Amino acid sequence: MIYRKVAVVAAVMLSSALAVSAHAEPGGCLKYGAAGAVGGHLADHHSVLGATAGCVVGMYKRHEYRKEARMKAHLYDQEHPGAKGTYEQKATAYDVEHSTAPGAMTPSEAPKPAQPPAPPPAPAEHL
């Protein structure tokens, strides 16, 4: 019995590792579905329901990522007319030029310099 549990855990870990290395895109039915199945199993043995919900969330995440990549590619085309390449390549080029990160349309903010700690407040006087 314990060997079966170890085998299932090993299979889930292996499949999640393979799913992560398969694409550079976030989300997807396999990644989120596997995580949802594990979560559903732990939540009163609802593995199928968890896998279904995880799959739906993963497909939505990937849709949002691709939608943003197409928007960035369109902006790149406006700045560089006649540029060749896939929308993914153009979105990556837009990220590089504008210091944005995948998943963010606005430029990344530079880290703020550390501010010295504020002096402690004066002790309150009691009457």
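The values are calculated or read from the model by the stated rules, or taken from the named source; none is laboratory data. These numbers were taken from a predicted model, which means no experiment stands behind them. Please note: Cβ atoms are built from the backbone with ideal geometry, for glycine as well, and neighbour counts cover all protein chains shown.
Here are some notes:
- Residue list for the stretch 41-55, filter: of a type outside the set (D, E, K, R) and out of contact with any Phe, Trp or Tyr (no Cβ under 8 Å at 6 or more places or on another chain): 41, 42, 43, 45, 46, 47, 48, 49, 50, 51, 52, 53
- Every listed requirement among (1) at pLDDT 70 or above; (2) assigned to a loop (DSSP other than H, G, I, E, B) is met by residue 77 save one, (2).
- The conditions of being under 16 Å from residue 103 (Cβ atoms), hydrophobic (A, V, I, L, M, F, W, C), at pLDDT 85 or above and crowded, with 16+ Cβ neighbours inside 10 Å are not met by residue 53.
- Members of the stretch 56-75 that are out of contact with any Gly (no Cβ under 9 Å at 6 or more places or on another chain) and either surrounded by 18 or more Cβ atoms within 10 Å (Cβ to Cβ) or among the aromatic types (Phe, Trp, Tyr) (or both): 69, 72
- Test: residue in the stretch 57-72 that is farther than 22 Å from residue 103 by Cα and either modelled with pLDDT under 70 or part of a helix (DSSP H, G or I) (or both): no
- Unmet criterion (only one of (1) surrounded by fewer than 18 Cβ atoms within 10 Å (Cβ to Cβ); (2) without any contact (Cβ under 8 Å) to a residue 24 or more places away in the chain; (3) assigned to a helix (DSSP H, G or I); (4) out of contact with any Phe, Trp or Tyr (no Cβ under 7 Å at 6 or more places or on another chain)) for residue 82: (3)
- Scope the stretch 23-50; condition in a loop (DSSP other than H, G, I, E, B) and over 23 Å from residue 102 (Cβ atoms); matching residues: 43, 44, 45, 46
- Flag: residue 96 matches the condition of being aliphatic (A, V, I, L, M) and exposed (fewer than 12 other Cβ atoms within 10 Å of the Cβ).
Residues checked against (1) over 29 Å from residue 95 (Cβ atoms); (2) out of contact with any helix residue (DSSP H, G or I) (no Cβ under 8 Å at 6 or more places or on another chain); (3) modelled with pLDDT of 90 or more:
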site: 2; (1), (2), (3): yes, yes, no
site: 16; (1), (2), (3): no, no, no
site: 19; (1), (2), (3): no, no, no
site: 48; (1), (2), (3): yes, no, yes
